[in-house]
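Remarks on the structure that follows.
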Amino acid sequence: MANKDYYNILSVKKDAKADEIKKAYRRLARKFHPDVNPNDKAAEEKFKEVQEAYDILSDDKKRKVFDRFGYYNDNLDPDSPFGAGAGAGGGAGTGGFDFSGFNFEPGGSGSSSSSFRDIFSDLFGGGGGTKREPEPPRPLPKKGRDIEIPLALSFEEAFSGLTTNITVNRSEQCSRCQGAGDTGGPVVVCPTCKGTGQVMKTGGRLQFSQTCSDCEGTGRRRQPCAQCSGKGVTPKTEQVKIRIPAGVDTGSRVRIPKKGHGGRLGAEPGDLFIITNVGKHRYFTRKGDNIYVTIPITVPEAALGTKIEVPTVEGRAQLKIPAGTESGQKFRLRERGFPSLRNPSLRGDQFIEVQIKLPRVISEETKEVLRQFEKTNPENPRKAMGLE
Ligand SMILES: [Zn+2]
Ligand SMILES: [Zn+2]
């Protein structure tokens, strides 16, 4: 609601005609467009201001309100008898006098100059109907959309990384119109919206209408470019080389710059994102960058201690089992886990949980050994519970 001077923002005079305002708007919108000034807050603010100014000054009714009151508000009526001082707002055109009160043509300068143009063209053989159609809006540079592609990887591929080629259905800026969508041909009814300025979109079970982006809601545009049918981009199927770094997990997003859809009018293409989905392993599990595995050991191994072989993703490793190891005890192999995605010089650990397996009694002789064992090692593990 601050009293912004929309004429000043667009650098046009107070009596600027519609096409001058449009021209000024296009020039400034291009200059401050966010795709042309990435991460520039000041340019973004300026862009918004220019949009706002154009929104008011390109709409006859809104402009009239602004001219009369010095600011715009939906509730203000430009023809209301209140706010009599408003004549001053339209001052530039009418010399500070509100002619509308005298039943002259409303809107003063605009309509009188266009009727002047009609007279002019009559005089110089333009004949009837040479009134120039207003220019349809020109598209603005626009960064291309990103593309996301899922990719299934094995546990081992996620561990060591992967370089491969994938087929990407993307698009590129049209070489014929440079992404403008037209090559400056005649103005036609917009084929996308059939001139209505609105297109129907389906969102879930709802249908709603949206401003047609091909003609920016005007219903008219220049004859679409024959090469891209007015889309500004042409489809392209491309083999893209991708490098998946070691350490990705399910849901990691790997960015391949500029391999998304093509931009328009010189703006950058979008990016390609590979979304990884890592398969399960037969006996390894993963939490973060750590790897977990459960290994069975025998009663004598646990009781007497030993050295055993354990698996890691990169091959076998030795693990020392100390005498008196309990079932469920965990051992750590440092830096045998996944490489960290954030810092490739760091690695997770591997944790080994041992599980003592009961001996299988296979002969009378084994039984005898166990009876002997019981005799020489009398033990009651339930003693602490007061049980015999
Ligand atoms: Zn084209
Ligand atoms: Zn349209």
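Between S340 and E20, the contour length at 0.36 nm per residue exceeds the alpha carbon distance by 109.4 nm. Along its principal axes, the chain has C-alpha extents of 127, 52, 41 angstrom, given from the largest down. Our summary gives the range 217-327 a relative contact order of 14 percent, counting only alpha carbon pairs under 8 angstrom and 6 or more residues apart. Among the chymotrypsin sites (Phe, Trp or Tyr not before Pro) within the range 252-360, those in coil by DSSP and having at most 11 neighbouring Cβ atoms inside 10 Å are Y283. The convex hull defined by the C-alpha atoms of the range 132-240 has an orientation-averaged projected area of 9.9 nm². I want the local charge near Q318. Using Cβ-Cβ distances under 9 Å, sum +1 for each Lys or Arg and -1 for each Asp or Glu among the other residues. Counting the neighbours of Q318, the net charge comes to +2. On full extension, the segment bounded by R243 and I166 gains 26.7 nm, given 0.36 nm per residue less the C-alpha separation. Scattering from the range 32-73 was approximated by placing one identical point on each alpha carbon and applying the Debye formula without solvent; log10 I(q)/I(0) at 0.32 1/Å stands at -0.97.
Would the range 1-41 count as rounded, prolate or oblate if I go by the C-alpha gyration tensor, calling it rounded below 1.5 in a/c and otherwise prolate when a/b exceeds b/c, oblate otherwise? Because a/c hits 1.5 or more and a/b fails to exceed b/c, the range 1-41 counts as oblate. For the range 330-373, the per residue solvent-accessible surface stands at 79 Å², with DNA, RNA and ligands left out and a 1.4 Å probe.
Using a Förster distance of 22 angstrom, determine the FRET efficiency expected from the C-beta separation of A323 and E374, and round it to 0.05. With R0 = 22 Å, the Cβ-Cβ based efficiency is 0.65. The fraction of accessible area contributed by carbon and sulfur in the range 267-388 is 52 percent, rounded to a whole number (1.4 Å probe; ligands and nucleic acids excluded). Each principal axis of the Cα cloud of the range 226-271 was evaluated for its coordinate range; sorted largest first, these ranges are 46, 20, 16 Å. Taking the inverse of the mean 1/r over every pair of distinct Cα atoms in the range 219-309 gives a Kirkwood hydrodynamic radius of 18.8 Å. The stretch between K383 and E309 holds 23.1 nm of extra length on full extension. This uses 0.36 nm per residue minus the Cα-Cα distance. Taken over the range 257-388, the percentage of Cα pairs per 10 Å bin, counting from 0 up to the bin with the maximum distance, is 10, 25, 23, 16, 12, 7, 4, 3, 1, 0. How would you classify the range 14-84 from its alpha-carbon gyration tensor, with a ≥ b ≥ c the square roots of the eigenvalues: rounded for a/c under 1.5, else prolate if a/b is greater than b/c, otherwise oblate? Prolate.
Take each peptide in 170-177, 145-152, count the other Cβ atoms within 10 Å of every residue, and average; sorted highest first, the result is 170-177, 145-152. Each other residue within a Cβ distance under 13 Å of K46 adds +1 if Lys or Arg and -1 if Asp or Glu, for a net charge of +1. May I ask you to derive the FRET efficiency for T202 and R145 from their Cβ-Cβ distance with R0 = 25 Å, giving the value to the nearest 0.05? Once the sixth-power term is evaluated, E becomes 0.85. Partners of K383 within straight-line reach, counting lysines whose Cα lies under 28 Å from its Cα and excluding those fewer than 8 residues away in the same chain: K330, K357, K367, K375. Apply the Kirkwood formula to the range 343-388: the hydrodynamic radius equals the inverse of the mean of 1/r over all pairs of different alpha-carbon atoms; give it in Å with one decimal. That comes to 15.2 Å for the range 343-388.
A cut-off under 12 angstrom between Cβ atoms defines the neighbours of I256, and their net charge, with Lys, Arg +1 and Asp, Glu -1, is +3.
The values are calculated or read from the model by the stated rules, or taken from the named source; none is laboratory data. All values reported here derive from a predicted model rather than from experimental measurement. Positions of Cβ are generated from backbone atoms using ideal geometry, with glycine treated the same way; all protein chains shown enter the neighbour counts. These accessible areas exclude ligands, DNA and RNA; they are computed on the full protein's heavy atoms, side chains included. Shrake-Rupley method; radii C 1.70, N 1.55, O 1.52, S 1.80 Å.
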